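Enquirer: Before I ask anything, here is the structure I am working with.
What follows draws every value from the coordinates through simple rules; no lab data is involved. Just so you know, these numbers come straight off a predicted model, no measurement behind them. Ideal geometry is used to build each Cβ from the backbone, glycine not excepted, and the neighbour counts take in all protein chains shown.
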Amino acid sequence: MVGPGRRTGVPVERNQPTMDAHITNTPARARTDVGAADTLPTDRHVPITARTIRRLGLTLTACTVPWAAVNFVVGPNGDGLGSRINNLTALIFQFGLIALVTVQMRTRATGTSRVSMIMLKVELGLLIPACLWSLLHGILPLDMRDATWLAVIDLFWPLSMVGMFVISMKIVFEGRWSGIVRWWVLVAESWAFVSIPSLFALGEPVGRWVGAGYLIVGYGMLGVLLALRPELTVPRQLRR
């Protein structure tokens, strides 16, 4: 029987160790299984790694070189087999443009607003039918190339090039990309406004050489710069 005034319960050993409530400020050890070269100073608006940017940049260069080479030799107005090769290598180049727009979207190069993202989505929407035109113009019989429906799809080719130029202006103005990459995108995406006037003003073959050379200098070099300096696609304030 327990007498009045006595407390009951499980006895606690006096020498039992107690939980240490001390909070340490020592940071956790860094993981060693993540390559430092693949990390980017980032925020929620940049869901991409340096490795991915490098791969997409090299894709842009690799897709630009074949079309530039064909333009040096054949030009955009070749006939027969030359014309088919030109269009099919142009399709490869357009795949490179899709890789570039992917980098721009993932790094929010044109800004973080909804309108800025819509610009890039519209550009993708222009590139897809432009790719379709290049494919069809490269494989269809010659007598079908003047079809009205194909001419309508052809409009997306120049529109996509105008869209790339507008995007480059927005990237320069926004300033999320920095250094040489910020300005070289303007050089690259001015291609249509350099090559087409050169073709009309200088004629063959000088005009097409200017356009082909500008492809290498512009888009080809831009891909290399993205591969070498992916961190320049991250806003400068995040790299401090």
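Enquirer: Taking just the alpha-carbon atoms of region 47-239, what radius of gyration and Dmax come out, in angstrom?
Expert: Values for region 47-239 (Cα only, Rg and Dmax): 16.7, 57 Å.
Enquirer: From the backbone phi of region 209-215, what are the Karplus-calculated ³J(HN,Hα) couplings (6.51 cos²θ - 1.76 cosθ + 1.60, θ = phi - 60°) in whole Hz, Gly and Pro given as x?
Expert: Ordered by residue, 3J(HN,Hα) equals 5, 4, x, 5, x, 5, 4 Hz.
Enquirer: Turning to a different aspect of this structure: Report the label-to-label distance for Val162 and Glu204 in nanometres (one decimal), using points 7 Å from each Cα along the Cα→Cβ vector.
Expert: For the pair Val162/Glu204, the computed spacing is 2.8 nm.
Enquirer: Right, next: So for region 47-239, averaging the separation of alpha carbon pairs under 8 Å that are six or more residues apart and normalising by length, what relative contact order in percent results?
Expert: So the answer I get is 31 percent.
Enquirer: Another question, then. Each residue of region 146-153 in turn: what ³J(HN,Hα) in whole Hz from Karplus with 6.51, -1.76, 1.60 and θ = phi - 60°, glycine and Pro shown as x?
Expert: Whole-Hz 3J(HN,Hα) from phi for region 146-153: 9, 5, 4, 5, 6, 5, 5, 5.
Enquirer: Based on the mean of other Cβ atoms within 10 Å per residue, sort peptides 92-102, 142-152 so the most packed one is first.
Expert: Output ranking for 92-102, 142-152: 92-102, 142-152.
Enquirer: Would you mind computing, in nm to one decimal, how far apart the modelled labels at Val73 and Met169 are, each placed 7 Å from Cα along Cα→Cβ?
Expert: Rounded to a tenth, the inter-label distance reads 3.7 nm.
Enquirer: Mind ordering 189-200, 160-171 by average Cβ neighbours within 10 Å, highest first?
Expert: For the peptides 189-200, 160-171, the packing ranking is 160-171, 189-200.
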